[in-house]
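Read-outs throughout are calculated quantities, based only on the coordinates presented, and are distinct from any laboratory measurement. Model, not experiment: these values are computed from the prediction. Cβ: placed from backbone, ideal geometry, glycine included. Neighbour counts: every protein chain shown.
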Amino acid sequence: MADGPSGSGKGSLALRIARHFGFHLLDSGAIYRLAALKSLRQGVDLADEKAVAKVLNDFSIRFVEGDELSIPYLDDEDVSSQIRLETTGDAASQIAQYPSVRKLLLERQQQCFQPPGLVADGRDMGTVVFPNARIKFFLYASPEIRAQRRHKQLISMGISASIAQLESEISERDERDRNRSESPLVASTDALVVDSSLLDLNQVTELMISHIEKVNQNRPL
Ligand code: C5P
């Protein structure tokens, strides 16, 4: 399980680790983003928990394995680029504060656990959704580095963005994720905390794989 703030690299790392071990992958943030997109499209007031939860009672999503990443569908429409917009991420963080929304999305996430195993990335994978996970990581990176990474990611998807604005949006979103009362962004006490600010993707991947192999040697399945 890999938790951490946005831009900490957890998404790319979770994908690499899942591929390395042949495990399934759960991008739990995508589920929150799909829920946010649904709410935005229905025009509900995001400040109204009851109205948001009502919309999400009838909520059809699925992920289809693509060549690179899995493709998210909302009500049978491919919404890959829409869910990556900052407006969707911000709306996701707003509705993610609500206990009723988290409850509605919890089971969908837990159902993703399938043999031979799952790599899940998010904010509360190790603390709430999969508290009994065998191995947990909490990934961290400085806000400046995270804004630069997000910028690169958006540009590669053809979405323009300003680094300064991204940094302030990321900090605002983190603040909300850390301070909410329900499933706040916090490292599980049994997670290995990895600061990826000064490491590249390959270095962090190697560090994580070697930790997983060490745990597996010392504690065989
Ligand atoms: O990881 P990503 O940036 O796609 O997540 C979007 C938002 O969804 C986060 O800012 C957070 O508020 C929410 N989220 C959450 N719990 C998760 C995954 C995402 O609250 N497990």
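Some points to look at:
- From its DSSP helices (H runs of at least four residues, each -39,500 (n - 2.57)), the chain gives a residue-normalised ellipticity at 222 nm of -15500 deg cm²/dmol.
- In the range 50-83, the GluC sites (Glu not before Pro) that fall in loop regions by DSSP, at most 16 other Cβ within 10 Å: 68
- Amide H within-cut-off set for residue 192, under 5 Å, with H built and near neighbours excluded: 136, 137, 138
- Taking Cα centre as origin and charging only the Cβ of basic (Lys, Arg, +1) and acidic (Asp, Glu, -1) residues, the dipole magnitude of the chain rounds to 460 debye.
- Exposure proxy ranking for 54, 103, based on other Cβ atoms within 10 angstrom of each Cβ and starting from the fewest, stands as 103, 54.
- GNM top mover of 83, 31, 71 - the chain, alpha-carbon springs below 10 Å: 71
- Across every direction, the projection of the convex hull enclosing the Cα atoms of the range 2-208 has a mean area of 10.9 nm².
- More than 25 Å apart - percent of Cα-Cα pairs taken over the range 1-106: 20
- Rounded D (µm²/s) - the range 114-220, Kirkwood Rh over Cα pairs, Stokes-Einstein at 4 °C, 1.567 mPa s: 82
- The phi torsions of the range 143-156, fed into the Karplus equation with coefficients 6.51, -1.76 and 1.60 and a -60° offset, translate into couplings of x, 4, 5, 5, 5, 5, 5, 4, 4, 4, 4, 5, 4, 5 Hz, rounded to whole numbers, with Gly and Pro shown as x.
- Near the amide H of residue 120, within less than 5 Å, lie the amide hydrogens of 2, 26, all on another chain or at least 5 residues away, with H placed in the peptide plane.
- The chain, relative contact order [Cα under 8 Å, separation at least 6], %: 31
- For the range 171-177, the Karplus equation 6.51 cos²θ - 1.76 cosθ + 1.60, evaluated at θ = phi - 60°, returns couplings of 5, 5, 5, 4, 4, 5, 5 Hz by residue, with Gly and Pro reported as x.
- Among beta bridges that DSSP assigns inside the chain, antiparallel share in %, nearest 5: 35
- Under 25 Å from residue 54, Cα to Cα: lysines that are on another chain or at least 8 residues apart: 38, 103
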